[in-house]
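To keep things clear, I will list the structure first and then write my remarks on it.
The values are calculated or read from the model by the stated rules, or taken from the named source; none is laboratory data. Model, not experiment: these values are computed from the prediction. With ideal geometry, Cβ positions are generated from the backbone for all residues, glycine too; neighbour counts draw on all protein chains shown.
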Amino acid sequence: MDNYPENKIINELGNIELRIAEDNLSAYLVVHRSAQVIDEQEIIELIEKAGIVKGIEIASQFNKDNNIQKEFGKPFLVAKIEIDPEQAEISYNFDPENCLDPDSIIDLFSINTREKALAGEIIAHVSSEKISEEKDIFDIFGHKVSANSLILIDPEKYLGNNVAYSNEKKAVIAEKNGYIYLDEENRFNIKDEIIIKENIHSKHLHLFGNVIIQNSIDDSHIRVEGNLNVKGEIKNCLHKAIVVSGNAVINIAEKAYVITQGKLVIKNKSIFSVLEADQDIIGEERSTITGGLIRSALSITLQNAGSPAGITELEITSSPFLKYQIVDLAKKLEASKTGDVSEEDILPLKKEFEQSKTKFSLELDYYLKKKEACIRIENELRPRVLSRILDQTLMIDELKKRVDILYNEGIIKIYDIDK
């Protein structure tokens with residue numbers, strides 16, 4: 001076979017692509033939509049040009065047995081070498097006995113201890129015994145191959161939802177944040193969404209995946225490695241923080257601190273709360289902001305803001321989430337000095353701390369070069385509201401309707417949306 005880049009062969013018209021697996025034990029055809037009629041003979045010639053001489057009948061039977069048809073843009077098996085896999089050896093990076101039952105009600109007393117993973121983490125290594133060298137094995141080009149170079153397991157047998165197999169690492173890797181579990185076929189899975197039905201009171205939780213809380217949060221610190229949707233109220237959490245690595249949707253916040261790395265949506269009202277986001281902050285129709293601080297790194301769009309009960313602050317600044325993360329990591333590093341913690345355990349914290357500082361420096365540089373930013377109020381802006389964009393501030397002491405607070409080239413002004 002010729003040396004084709006990336007183990008691909010493409011016909012002259014560019015609408016037929018042949019992909020060869022790295023181990024040369026299988027090949028796939030991808031047919032792309034085009035104005036040209038696909039000629040079956042051209043497909044045969046492409047396979048012959050590649051030098052594929054074995055595994056074509058096996059692939060054909062596999063497609064027939066599994067009722068697989070050619071579809072535009074999707075890989076279609078055209079050659080496959082079958083090797084009987086030996087018994088797989090599995091090395092778990094978690095305790096199989098401590099996995100979350102995917103069908104059970106979430107137990108707040110044990111959820112922190114359940115096995116979990118972040119996207120990209122290895123959850124298990126899967127390998128197999130060496131195949132006997134006495135067996136003659138040929139690839140799809142008819143070349144004899146060394147048994148030691150072969151991947152002797154079928155990874156698909158061990159893969160459930162939200163996981164993938166790395167041939168290079170011989171490992172099962174989480175594709176999403178969530179909780180690890182083994183299904184009835186002993187396959188690896190990641191449960192990437194959990195629903196908590198009870199009220200959360202005076203808890204310290206670290207949750208993984210997308211989280212839906214159907215009731216309220218009171219006097220609790222919660223960190224979510226994913227998106228968060230709170231249907232009830234978040235209250236009395238000003239000094240404990242709800243920290244979200246993805247997007248957040250909240251209904252009512254009262255004396256609460258919520259900070260997200262993604263977007264934050266307010267469905268109802270925020271009362272003397274601190275709401276921060278590295279992406280947009282959006283107040284849905286009829287939502288109201290009374291007192292407190294609303295801070296975004298991108299933009300703020302609210303329905304109603306301001307109250308005579310106290311100053312309401314609206315601010316656009318650089319990366320609130322990164323700032324929080326840096327301070328939090330600094331506190332952890334400081335606490336580790338007084339505890340019985342090995343240098344090996346501290347190293348990941350130090351690395352993350354330095355990476356966060358570097359990232360913040362880049363974000364700050366971008367922020368300082370920003371020429372425009374906007375806070376939009378789509379209904380009423382009520383006194384007293386202190387707006388702050390970059391290094392400029394503006395106090396609003398009178399009722400305004402449908403306005404943009406716009407920063408442009410170092411100047412902050414207020415404009416009527418409808419004019």
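Residues in region 279-306 that are under 21 Å from the mean Cα position of the chain (by Cα) and either among the aromatic types (Phe, Trp, Tyr) or surrounded by 22 or more Cβ atoms within 10 Å (Cβ to Cβ) (or both): Ile281, Ser296, Ala297. Just the residues that are in a loop (DSSP other than H, G, I, E, B) and among the small types (Gly, Ala, Ser), please, taken from region 275-312. Passing the criteria: Ser287, Gly291, Ala297, Ser299, Gly306, Ala309.
Table: residues versus (1) under 25 Å from the mean Cα position of the chain (by Cα); (2) in a strand (DSSP E or B).
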| site | (1), (2) |
| --- | --- |
| Lys176 | yes, no |
| Glu185 | no, no |
| Asn189 | yes, yes |
| Glu198 | no, no |
| Leu205 | yes, yes |
| Val211 | yes, yes |
| Asn215 | yes, no |
| Cys237 | no, yes |
| Lys240 | yes, yes |
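Conditions tested, residue by residue: (1) free of Cβ contacts under 8 Å to residues at least 24 places away in the same chain; (2) in contact with a strand residue (DSSP E or B) (Cβ under 8 Å, 6 or more places away or on another chain).
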site: Phe353; (1), (2): no, no
site: Cys374; (1), (2): no, yes
site: Glu380; (1), (2): no, yes
site: Arg384; (1), (2): no, yes
site: Asp391; (1), (2): yes, no
site: Glu398; (1), (2): yes, no
site: Lys413; (1), (2): yes, yes
site: Asp416; (1), (2): yes, yes
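Restricting to region 389-401, give me the number of residues that are of a type in the set (D, E, K, R) and either assigned to a strand (DSSP E or B) or under 34 Å from the mean Cα position of the chain (by Cα) (or both).
Step one: filter region 389-401 for residues of a type in the set (D, E, K, R), giving 391, 397-398, 400-401.
Add one more test, that the residue is either assigned to a strand (DSSP E or B) or under 34 Å from the mean Cα position of the chain (by Cα) (or both), and what stays is 391, 400-401.
Total satisfying the criteria: 3.
The requirement of being closer than 22 Å to Ile242 by Cβ and surrounded by fewer than 15 Cβ atoms within 10 Å (Cβ to Cβ) is fulfilled nowhere in region 336-358; no residue meets it.
Within the group Lys70, Lys74, Lys64, which residue is outside the structural domain of Glu156 (by TED's automatic domain parsing) and modelled with pLDDT of 85 or more?
Values: Lys70 fails: modelled with pLDDT of 85 or more; Lys74 fails: modelled with pLDDT of 85 or more.
Being outside the structural domain of Glu156 (by TED's automatic domain parsing) and modelled with pLDDT of 85 or more holds for just one of Lys70, Lys74, Lys64, which is Lys64.
Of the listed requirements (1) surrounded by 15 or more Cβ atoms within 10 Å (Cβ to Cβ); (2) part of a helix (DSSP H, G or I), Leu386 misses just one: (2).
The residues of region 322-365 that are hydroxyl-bearing (Ser, Thr, Tyr), assigned to a helix (DSSP H, G or I) and more than 21 Å from Ala277 (Cβ to Cβ), listed by number, are Ser336, Thr338, Thr358.
The residue of region 160-196 that is surrounded by the most Cβ atoms within 10 Å (Cβ to Cβ), among those that are modelled with pLDDT of 95 or more and of a type in the set (Lys, Arg), is Lys191.
Quick check on region 211-228. Is at least one of its residues polar (S, T, N, Q) and within 25 Å of Ala305 (Cα to Cα)? Break it down into steps so the answer makes sense when it comes.
Taking region 211-228 as the starting set, the residues that turn out to be polar (S, T, N, Q) are 214-216, 220, 227.
Filter again for within 25 Å of Ala305 (Cα to Cα), leaving 216.
Within region 211-228, one or more residues are polar (S, T, N, Q) and within 25 Å of Ala305 (Cα to Cα).
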